[in-house]
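K.L.:
Pasting in a structure now, in structure tokens, and then I'll have a few things to ask.
The values are calculated or read from the model by the stated rules, or taken from the named source; none is laboratory data. Small disclaimer: the values here were computed from a predicted structure and weren't measured. Using ideal geometry, Cβ is built from the backbone for each residue, glycine included, and neighbour counts are taken over all protein chains shown.
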Amino acid sequence: MLTRNIRWIIVSLVFIATGLNFLDRQILSITIIKIQKEFNISDIQYGWVNTSFLVSYALMFTVGGRLIEKFGGKKGLAVAVGVWSLASALHGFMTHFSHLVASRFLLGFGEGACFPGAAKTVNELFAKKERALANGIAIGGSAIGAVIAPVLTIWLSNAYGWRWCFIIAGLIGLVWLVIWLLVQWPKKETLPEVAKLPTTVKTLPFSQIFKNRSALLILLIRFLLDPVFYFFMFWIPKYLNETKQVSFDDIGRFLWIPFLALGFSNILGGYLSDRLIKKKYSVNKARKTIMGFAALLTMSAMLVPLATNLNEAIVLMSILLFAHGFWITNYITAISDIFEDTATSTIVGLSGTAGAISGLIVNPLIGLVVQQYTYTPLWLLCGLMYPIAFIIVAFCIDLKPRAPKFSTLN
């Protein structure tokens, strides 16, 4: 019983870590409204600030994922949180545009290892019948961090100035790090649910990963979808401010709602997927059922430009992020279903790199589209990409284990 409780305590700490991950990166998307005025930063320059984050984020998703495959989730997350917490605090000391770019680059360097570390931690501690729920909790913190970010950021900014938003977030991360290091990690042989899994598994080489069709398609899907989420992360506060005339102070009253829907659906999507398996659905059918439902819901994003008032826009954005929560929980769990201990964190990392590369290519283009045209084309793309991705999942990927005997033909 103690071992079982420790597993969920660890997952709860991962929940907090992913929450801090999104809290720290969201602060800029809100304070940029003030920072742009103070430092005379254009929308295109802001796009390049986001790109500096995504360059290091893309690199460390893969490098961090590979290192975590080797050293484990506990050490990997400890290093990641320590680095990005320091980077977050450094934002508060910027005096020039170049300082913001450098701080953002370091933030991405730390944050890139977060989700591979979360996936590795869940994979180490949970068997398939509980894995989707555990993954939903682990990554669900990201949404809660995004829920807290607007309210906390605006309050701290008004009370103490925008710089303290970054500094306090960094200090909270360092407190988490101390607690994480003090928790005793259970040994694998003490976990009855995963005792039947091999205690030592050879890490899969990159040469085999890049010959595997399922792995390559998983990377392609992330390449297609991540720009949608980055658009939401980096540009929605500005969208609300510029198109719906939502003031800086009022953003905190509304922006938390879509992210709360995301956090709820992260956990619910994992729970429902596990329930389907317990009802004798195959792993393949259970994951794809939830992902298909999610893809249909995301098409509501195409209606955002037609929203006649703020409430309608917030509802439609909430539906999009609710659907994303269903999707991303089952997407990450599907990776662990297929590759298990041989390559889970590596492929989660590679997929994150693929998404970040796509994001860093698209982000300056978003700035150009917003500055020269409107947000409408961006919302249309948001509504189309998930159905396209689901077609790939449904017809081209079989969610069956390929580890430890990894086939290069599937």
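K.L.:
Quickly run through the stretch 318-333 and pick out the residues that are buried (at least 24 other Cβ atoms within 10 Å of the Cβ) and over 16 Å from residue 226 (Cα atoms).
P.N.:
333
K.L.:
Show the residue pairs meeting these rules: Cβ distance below 8 Å; 6+ apart or different chains; first residue within the stretch 141-152 and within 18 Å of residue 176 (Cα to Cα) and at pLDDT 80 or above; second residue of a type in the set (D, E, K, R) and in a helix (DSSP H, G or I).
P.N.:
145/24
K.L.:
If you don't mind, another one. What number of residues within the stretch 358-378 satisfy the criterion of being closer than 30 Å to residue 71 by Cβ and either surrounded by fewer than 22 Cβ atoms within 10 Å (Cβ to Cβ) or charged (D, E, K, R) (or both)?
P.N.:
Adding up the residues that qualify gives 1.
K.L.:
Something else: Could you list, in sequence order, all residues of the stretch 215-274 that are surrounded by 24 or more Cβ atoms within 10 Å (Cβ to Cβ), of a type in the set (Ser, Thr, Tyr) and over 29 Å from residue 287 (Cα atoms)?
P.N.:
Across the stretch 215-274, there are no qualifying residues.
K.L.:
What about residue 211, is it assigned to a loop (DSSP other than H, G, I, E, B) and modelled with pLDDT of 85 or more?
P.N.:
Criteria met by residue 211.
K.L.:
Which residue, of 290, 236, is hydrophobic (A, V, I, L, M, F, W, C) and closer than 24 Å to residue 17 by Cβ?
P.N.:
Exactly one residue qualifies, and that residue is 236.
K.L.:
Exactly one condition in (1) among the hydroxyl-bearing types (Ser, Thr, Tyr); (2) under 21 Å from the mean Cα position of the chain (by Cα); (3) not in a helix (DSSP H, G or I) is false for residue 265; which is it?
P.N.:
(3)
K.L.:
Just need a number here: residues in the stretch 234-256 that are under 18 Å from residue 376 (Cβ atoms) and hydroxyl-bearing (Ser, Thr, Tyr).
P.N.:
2
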